[in-house]
1. Thr141 passes all but one of (1) part of a loop (DSSP other than H, G, I, E, B); (2) outside the structural domain of Asp68 (by TED's automatic domain parsing); (3) under 21 Å from Gln221 (Cα atoms); (4) modelled with pLDDT of 95 or more; which number fails?
2. Considering Thr134, Thr140, which residue is surrounded by fewer than 17 Cβ atoms within 10 Å (Cβ to Cβ) and farther than 19 Å from Gly50 by Cβ?
3. Go over the candidates Gln240, Gln221 one by one and state the one that is out of contact with any strand residue (DSSP E or B) (no Cβ under 7 Å at 6 or more places or on another chain) and among the polar types (S, T, N, Q).
4. Would you be able to say whether some residue in the range 100-116 is in contact (Cβ under 8 Å) with a residue 24 or more places away in the chain, among the small types (Gly, Ala, Ser), surrounded by 22 or more Cβ atoms within 10 Å (Cβ to Cβ) and closer than 23 Å to Ile238 by Cβ?
5. Looking for something hydroxyl-bearing (Ser, Thr, Tyr), out of contact with any Gly (no Cβ under 6 Å at 6 or more places or on another chain) and within 28 Å of Glu253 (Cα to Cα) - is there at least one such residue anywhere in the range 86-96?
6. Confirm whether Gly21 is of a type outside the set (S, T, N, Q), in a helix (DSSP H, G or I) and modelled with pLDDT under 95.
7. So, of the residues in the range 209-268 that are of a type in the set (Lys, Arg) and part of a loop (DSSP other than H, G, I, E, B), which turns out to be surrounded by the fewest Cβ atoms within 10 Å (Cβ to Cβ)?
8. Quick one: is Val197 in contact (Cβ under 8 Å) with a residue 40 or more places away in the chain, touching a Lys or Arg at 6+ places or on another chain (Cβ under 7 Å) and under 21 Å from Trp90 (Cβ atoms)?
Amino acid sequence: MKRLVVWIAGIVATVSLVACGSTSQKQSAPAGSLLEQIKEKGVLKVGTEGTYAPYTYHDESGKLVGYDVEVAEKVAEKLGVKAEFVETEWDSIIAGLDAGRFDIIANQVGVTDERKEKYDFSTPYTYIYGALITSKDDTTTKAFSDIKGKKSANSLTSNWAEVAKSNGAEIVGVDGFQQAIELLASKRVDVTINDNVAYLDYIKQHPDAPVKVAALSEDAQETALPVVKGNDDLVAAINQALKELADEGVLTELSKKYFGDDVSQVKK
């Protein structure tokens, strides 16, 4: 009889634990889709570097500015919310998206087949051409194929590092474009590969820098806003926002403001 009582009590306890667990899971589960949550909170959280001029950086007053920053702000406005930026180093920014620290990344994230396996991307808002940058007195590096066996300064997880590797270069890791240029100017590396507009922005501010563009890529790199898969409604809303911004000429206006050229469209 005692065994029967203990057995019944055990079943009751087990059922109670399962019921409590189910209730707890329901209470902790977020309500609605990510887009609905964003609209309910009134905030679109945006991961960005804050150290990558002219895309995302701090001006003399300390304000976060840049092409990507303003694009994200305009997209947020179209969604009816406010953009809240979470500044993160590039090498950990993708992990931040995975961990839910922010909803999107606005930091010139290139659209690649590998990334598309894990993330959904908005329509591109930037078309960038790769620039092979060398010292001014370098007469041997004239094409991407010439960098085999040479040292290239690049952020380890950037698309440009992959371009350098594919052409046979040895990668020297750096935290950003300015550090890459400093290593190049001091002859500690042979080349660096980055986008052409970042180079133009740097030269505008450092006209005496002893570096030059030796070659440009034939194809453009598309950059877009990545979102963790499973949020189709958010991607659709962002795409609609970008379309409206393009149709209204806002993307062209922002491009010319920061680059003196329209980087929001493919060069014909």
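1. Against the list (1) part of a loop (DSSP other than H, G, I, E, B); (2) outside the structural domain of Asp68 (by TED's automatic domain parsing); (3) under 21 Å from Gln221 (Cα atoms); (4) modelled with pLDDT of 95 or more, Thr141 comes up short only on (3).
2. Thr140
3. Testing whether each residue is out of contact with any strand residue (DSSP E or B) (no Cβ under 7 Å at 6 or more places or on another chain) and among the polar types (S, T, N, Q) leaves just Gln240.
4. yes
5. Pass one, the range 86-96, residues hydroxyl-bearing (Ser, Thr, Tyr): 88, 92.
If we keep only those that are out of contact with any Gly (no Cβ under 6 Å at 6 or more places or on another chain) too, we end up with 92.
Then drop every residue that is not within 28 Å of Glu253 (Cα to Cα), which leaves none.
No, that holds for no residue.
6. On the way: of a type outside the set (S, T, N, Q): yes; in a helix (DSSP H, G or I): yes; modelled with pLDDT under 95: yes.
Yes, satisfied.
7. Lys268
8. In short, no.
The values are calculated or read from the model by the stated rules, or taken from the named source; none is laboratory data. For clarity, every value in this text was computed on a predicted model and none was experimentally measured. Cβ coordinates were reconstructed from backbone atoms using ideal geometry, including for glycine residues, and neighbour counts include every protein chain displayed.
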